[in-house]
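Okay, so here's the structure we're looking at.
What follows draws every value from the coordinates through simple rules; no lab data is involved. A quick note: this is a predicted structure, and the numbers were derived from the prediction, not measured. Because the Cβ atoms are built from the backbone with ideal geometry, glycine has one as well, and the counts that use them run over all protein chains shown.
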Amino acid sequence: MDTTLARGLKDVVLDTTESSFIDGEAGILLYRGYSIHDLAAKSSFLEVCYLLLHGDLPNVKELEDFTNRLTSYRTLPPEVIEVIRLTKDAHPIDVLRTAVSAVATFDPDVTLDTSDPVGSRESNVRKSERLTAQFPTMVAAHHRIRQGLDPVAPRSDLSHAANFLYMLEGKEPSPEAVSAMDLDFLLHAEHGANASAFAARVTASALSDMHSSIVSAIGTLKGPAHGGAAEAVQKMTSEIGTAGKAHDYIRAKLDRKERIMGFGHRVYKAEDPRARHMRDRAKSLGEKTGHSEWYEILIAVEKEMVPYQSRGIFVNVDFYAGAVYALLGLPEDLFIPIFAVGRIPGWCVEILEQYDNNILIRPLLDYTGPKSLEYTPVEQR
Ligand SMILES: CC(C)(COP(=O)(O)OP(=O)(O)OC[C@H]1O[C@@H](n2cnc3c(N)ncnc32)[C@H](O)[C@@H]1OP(=O)(O)O)[C@@H](O)C(=O)NCCC(=O)NCCS
């Protein structure tokens, strides 16, 4: 058998997809054929969710119906709030993972039939819509409960992003905050066979159900090489303190052979096309709130990393995302769950595609251990 070792599945094409296109050399990202720059400038997160889950941009009526459906799905069963209460001391991303397991029990489309846990395509689209609507409520309810506060009930008159910030803070957010949050969700919505979407596809490929596949994705997103980078960047920014100290800080880190979080990408060998939008928001929110120091530190760090561009190491979307979240007043341990709130439609569409044309994902491993050891009974060892 002709086999090639491809560690980390680098440069391996897993399958075909119609949901997103990435040209890593040119720094291009399209959602179903639409440029991320056009969508970032003109669209909204919910419109992009519709585009991903239903195949094309909605007309006015379709968007209205979709928005109404998702709004009606925002409230969680009280039992799920109770599970969140019981696990409140865990990291928010672990609570989200647990809440997804819990909410599966109450999803009207979840089946107990282990001979067909997947169900119909329509039922999986409905599950996708429910999960997209429920994620913000889960994250916000936990954030309130862990502070000793009551969860804030979702409001049907607020947009997806506005309602999320409202449920977190208990007060209506500013238009700038809503716009930045919506943009952040939109930019994170889908990204091909990234590690968490791949994990979701592996679970789905075994013909397991959508909620289980999403749990796999959340567990993968938690890793610092994937969803944890924004939090790490914000910690680094705080450690640097002022733009003038960036040079020495970054030099020392690189001399110790440490990685600079928010730089480098498995696929992009040019600037991540999403980064410029977050960079602009970090700048404008910094000016608006009178806290431009984070933006200035990040710009100084980016300058230090210019020599790495010749090695294909550029800034990625997470580099400025942390500053945007911090400027919105969001604590660092919510950064990964916020990524998940943006990424949920992308995970769902990857799972739907996997179900539509399923093949079990099961690679090989190249065994490098011994092959002719002789077994000795335990008492003789
Ligand atoms: C994202 C990431 C895991 C992709 O890694 P990858 O494609 O597997 O690339 P590798 O880990 O093989 O790195 C290739 C080389 O670039 C270097 N490199 C990669 N990212 C780097 C970074 N952020 N800072 C410094 N050097 C970096 C590696 O040290 C390695 O150098 P070497 O060949 O001398 O050993 C990696 O760039 C990284 O760890 N970045 C920081 C975390 C981050 O921002 N993640 C969010 C991604 S959206």
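Model label points for Lys257 and Lys42, set 7 angstrom from Cα along the Cα-to-Cβ axis, are 5.0 nm apart. Values of log10 I(q)/I(0) for the chain across q = 0.07 Å⁻¹ run -0.33, by the Debye formula with one identical scatterer at each alpha carbon and no solvent. Across the chain, the relative contact order, built from alpha-carbon pairs under 8 Å that are at least six residues apart, equals 22 percent. For the stretch 327-381, applying the loop criterion from DSSP together with a ceiling of 15 other beta carbons within 10 Å to the chymotrypsin sites (Phe, Trp or Tyr not before Pro) yields Tyr367, Tyr375.
Highest mean packing first, where packing is the average number of other Cβ atoms within 10 Å per residue, the peptides 12-20, 110-118 line up as 12-20, 110-118. Remark: the Ala206-Thr4 segment gains 70.4 nm on full extension, using 0.36 nm per residue and subtracting the alpha carbon distance.
Semi-axis lengths, largest first, of the ellipsoid equivalent to the stretch 229-327 are 20, 16, 11 Å, with √(5λ) applied to each eigenvalue of the Cα gyration tensor. Using a cut-off of under 15 Å, list every residue of the stretch 317-340 whose amide N is near the label point 7 Å from the Cα of Gln147 along the Cα-to-beta-carbon line. 326-335, by backbone N distance to the label point. Per residue, the chain reaches -17000 deg cm²/dmol at 222 nm when only DSSP H runs of four or more residues are counted, each adding -39500 (n - 2.57). Full extension of the chain between Asp65 and Leu86 gives 4.1 nm of extra length, using 0.36 nm per residue less the Cα-Cα distance.
Approximating the spin labels as points 7 Å out from Cα along Cα→Cβ, the Ile299-to-Leu57 distance works out to 3.3 nm. Model label sites at Arg155 and Glu25, defined 7 Å from Cα along the beta-carbon direction, differ in position by 5.0 nm.
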